[in-house]
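Written below as structure tokens is the structure these notes are about.
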């Protein structure tokens, strides 16, 4: 399948938010129940680390990085989000997006990427493992969804090129 990975733009937001909504609707992608406006969403993410898989003008999926903390000690730690349109899942789009996000993160001097994934979302867990993420633990009953406590698998990937000067 022919597509390119490039920076997310405002004009992509309608399709990006629809893919996000489809993920929300599965009940196994995020605790979020609504998606914010473009301005709020983009302000909570790392500049130049918001990407889409694009085939002509069609958005197949998207990925983004957000900071995990404003504290200086954690300036090189970011959280990963990857969402792929139902029609393009299991076709390598998520893998391409995550690999590009890793490259972008290292260009931004981010040494650790983390992802919180519902245990039921085995496809996402496997995708992250393919890109060098490892399971570091289970955050038990970390949040409620529809009145039910949910666990989250915490995964992380440590860069092999950024933040290794002290090791």
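The values are calculated or read from the model by the stated rules, or taken from the named source; none is laboratory data. Everything quoted here is computed from the prediction, not taken from an experiment. Neighbour counts are summed over all protein chains in view; Cβ atoms, including those assigned to glycine, are modelled from backbone coordinates with ideal geometry.
General remarks:
- Checking each residue in the stretch 108-134 for being within 19 Å of residue 24 (Cα to Cα) and in a strand (DSSP E or B) picks out 115, 116, 117.
Matching residues to (1) in a strand (DSSP E or B); (2) out of contact with any helix residue (DSSP H, G or I) (no Cβ under 8 Å at 6 or more places or on another chain); (3) more than 21 Å from residue 25 (Cα to Cα):
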| site | (1), (2), (3) |
| --- | --- |
| 63 | yes, no, no |
| 66 | yes, yes, yes |
| 70 | no, yes, yes |
| 80 | yes, no, no |
| 137 | yes, yes, yes |
| 140 | yes, yes, yes |
| 149 | yes, yes, no |
| 155 | yes, no, yes |
| 164 | no, yes, yes |
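- Among the criteria (1) more than 28 Å from residue 143 (Cβ to Cβ); (2) part of a helix (DSSP H, G or I); (3) in contact (Cβ under 8 Å) with a residue 60 or more places away in the chain, the one residue 91 does not fulfil is (2).
- A count restricted to the stretch 60-75 and to residues that are within 15 Å of residue 49 (Cα to Cα) and surrounded by fewer than 19 Cβ atoms within 10 Å (Cβ to Cβ) stands at 4.
- When residues of the stretch 37-55 are limited to those that are assigned to a loop (DSSP other than H, G, I, E, B) and under 16 Å from the mean Cα position of the chain (by Cα), the one surrounded by the most Cβ atoms within 10 Å (Cβ to Cβ): 49
- With respect to being modelled with pLDDT of 95 or more and either at positive phi or under 13 Å from the mean Cα position of the chain (by Cα) (or both), residue 138 falls outside the description.
- Against the conditions (1) touching a strand residue (DSSP E or B) at 6+ places or on another chain (Cβ under 9 Å); (2) modelled with pLDDT of 90 or more; (3) more than 11 Å from residue 81 (Cβ to Cβ), residue 38 satisfies every one except (1).
- Cβ-Cβ distances below 7 Å connect the following pairs, each with a first residue in the stretch 12-40 that is without any contact (Cβ under 8 Å) to a residue 40 or more places away in the chain, a second residue that is loosely packed, with under 12 Cβ neighbours inside 10 Å and assigned to a helix (DSSP H, G or I), and a separation of six or more residues or different chains: 38/10.
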